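Data block below; observations after.
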Amino acid sequence: MAETEGTKQDDTGAARRYRVEELAEAAGITVRTLRFYRERKLLQPPRKEGRIAWYGEEHLARLRVIAELLDRGHALGGIAELIGAGESGRDVAELIGLQDAIVAPWSDETPVHLDWAELRAAFGEQLTEENTAESIAQGYITVEDDGITHISRRLMDATIALVDEGVPLGAVLAASRTAQEHADAIAESFISLIADQLLPPLDQVDRLTPDEAGRLRDRILRIRPLARAVADTQFALAMDRRVQAEYERLGRH
């Protein structure tokens, strides 16, 4: 994403100029919003000719950058810092790419909605207020008038399958809470490793050069699948150890 676009020209070959109302219309915002951006120093000052303020294509390009950053979830304060980085000669696109790599979701779970009839069919009398409250506390479900939405279809399917096998829903939720606590600890160890060994302090990210930001982004993207592979392998090996130990314990009785 570039900070500016090629300058457009009118029919006479001159660079296109906009009055404030025309610029706001071209950018798809209100004049009030445009003036707010000016007050926050997100937009360059216009050129004055007498009492008329003229804006150009560089102003329209800036407004499009702001709109894209807002769509990506950036706050206005962060947008001001990124734009400041661009004005000091750094590539805003590289800095945004680095930030996106840092905060990109690790999970690819699909939420699933079940109405109350489906829930009663799946859990019967185990669909209690206590079990519902525990699911909410673990952050897995939100309750709506017509049922619930679970953040992960796979976890919901696994829960239903375990209950079908005869495992009480309360026991599944207890195991889920323990697993979540251990998963949080594993995630914390990886975050500490990456933060301590790879990432600069977050308040220094916007001081990186474009090349530094690009290299760090690429490194983060390479490490993400490695972290998942290590976690998956460690879990599988732990299951091997625990199953073998339990088998040997039972064999001695």
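The values are calculated or read from the model by the stated rules, or taken from the named source; none is laboratory data. Computed from a predicted model, the values in this text were never measured in an experiment. In this analysis, Cβ positions are derived from the backbone assuming ideal geometry, glycine residues included, and neighbour counts consider all displayed protein chains. Side chains are part of the model used for accessible areas, which takes the heavy atoms of the whole protein and leaves out ligands, DNA and RNA. Shrake-Rupley method; radii C 1.70, N 1.55, O 1.52, S 1.80 Å.
Structure values in brief
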{"read-out": "Number of positions in segment 104-148 that are closer than 19 Å to Ala161 by Cα and either touching a Pro at 6+ places or on another chain (Cβ under 8 Å) or not aliphatic (A, V, I, L, M) (or both)", "value": "18"}
{"read-out": "Leading residue by the ranking (most open to solvent (accessible area, probe 1.4 Å)) among those in segment 106-130 that are within 30 Å of Arg228 (Cβ to Cβ) and of a type outside the set (Asp, Glu)", "value": "Trp106"}
{"read-out": "In segment 161-180, the residues that are part of a helix (DSSP H, G or I) and either touching an Asp or Glu at 6+ places or on another chain (Cβ under 7 Å) or loosely packed, with under 11 Cβ neighbours inside 10 Å (or both)", "value": "Asp164, Leu173, Thr178"}
{"read-out": "Residues within segment 1-39 that are assigned to a loop (DSSP other than H, G, I, E, B), of a type outside the set (Ser, Thr, Tyr) and modelled with pLDDT of 85 or more, tallied", "value": "3"}
{"read-out": "Residues of segment 24-64 that turn out to be open to solvent by 50 Å² or more (accessible area, probe 1.4 Å), farther than 19 Å from Ala75 by Cβ and under 27 Å from the mean Cα position of the chain (by Cα), as a count", "value": "1"}
{"read-out": "Residues located in segment 67-81, provided they are out of contact with any helix residue (DSSP H, G or I) (no Cβ under 6 Å at 6 or more places or on another chain) and either without any contact (Cβ under 8 Å) to a residue 12 or more places away in the chain or not small (Gly, Ala, Ser) (or both)", "value": "Glu68, Leu70, Asp71, Arg72, Gly73, His74, Ala75, Leu76, Gly77, Gly78"}
